[in-house]
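Okay, structure first, notes after.
The values are calculated or read from the model by the stated rules, or taken from the named source; none is laboratory data. All of these numbers come straight from a predicted model, not from anything done at the bench. Every residue, glycine as well, gets a Cβ built from its backbone with ideal geometry; the counts of neighbours run over all protein chains shown. The protein model used for the area step is the full one, side chains on, heavy atoms only, and it has no ligands, DNA or RNA in it. Shrake-Rupley method; radii C 1.70, N 1.55, O 1.52, S 1.80 Å.
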Amino acid sequence: MILPSDFERVGVIDAVAVDEGGQNAIALTLTSDGAAVLAELTEQVVATGLETRLVVKIGDDMLSAVRVVEALQTDVVVVALPTSESPNDVIELVRAG
């Protein structure tokens, strides 16, 4: 199990609200450096096994802890939101940095 001492910051160019099969979600367009960080982190999570989760935080709030079955090699990711989260509120937090 990997326990990071702190979180890795992933650079985001843009964030927009999307409908993901009836569930609120946001689509994040990452910087090239951000995409490289995400690729490295997801490779680490995959290498440690199915019990490991990738924790996604925005600001001080944990947004989700997701199972990763294959390393991500993309600069656009869609993050499903809990029903208690407003996509626009989350987007504001992302843009605030």
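A few notes on this one:
- So Val55, is it surrounded by fewer than 16 Cβ atoms within 10 Å (Cβ to Cβ) and in contact with a Phe, Trp or Tyr (Cβ under 8 Å, 6 or more places away or on another chain): yes
- Count of residues meeting criterion [assigned to a loop (DSSP other than H, G, I, E, B), in contact (Cβ under 8 Å) with a residue 24 or more places away in the chain and either on the phi > 0 side of the Ramachandran plot or among the acidic types (Asp, Glu) (or both)] in the range 47-84: 4
- Hits in the range 42-52 (condition: open to solvent by 40 Å² or more (accessible area, probe 1.4 Å) and touching a strand residue (DSSP E or B) at 6+ places or on another chain (Cβ under 7 Å)): Leu50
- Take the conditions (1) open to solvent by 60 Å² or more (accessible area, probe 1.4 Å); (2) part of a helix (DSSP H, G or I); (3) touching a residue at least 12 places away in the same chain (Cβ under 8 Å); (4) of a type outside the set (A, V, I, L, M, F, W, C); Gly34 misses just one of them, which is (1).
- Test: residue in the range 21-31 that is part of a strand (DSSP E or B), more than 11 Å from the chain's Cα centre (by Cα), crowded, with 16+ Cβ neighbours inside 10 Å and not hydrophobic (A, V, I, L, M, F, W, C): yes
- Selection from the range 58-93 of residues that are touching a Leu at 6+ places or on another chain (Cβ under 6 Å) and open to solvent by 30 Å² or more (accessible area, probe 1.4 Å): Gly59, Val66, Leu72, Asp75
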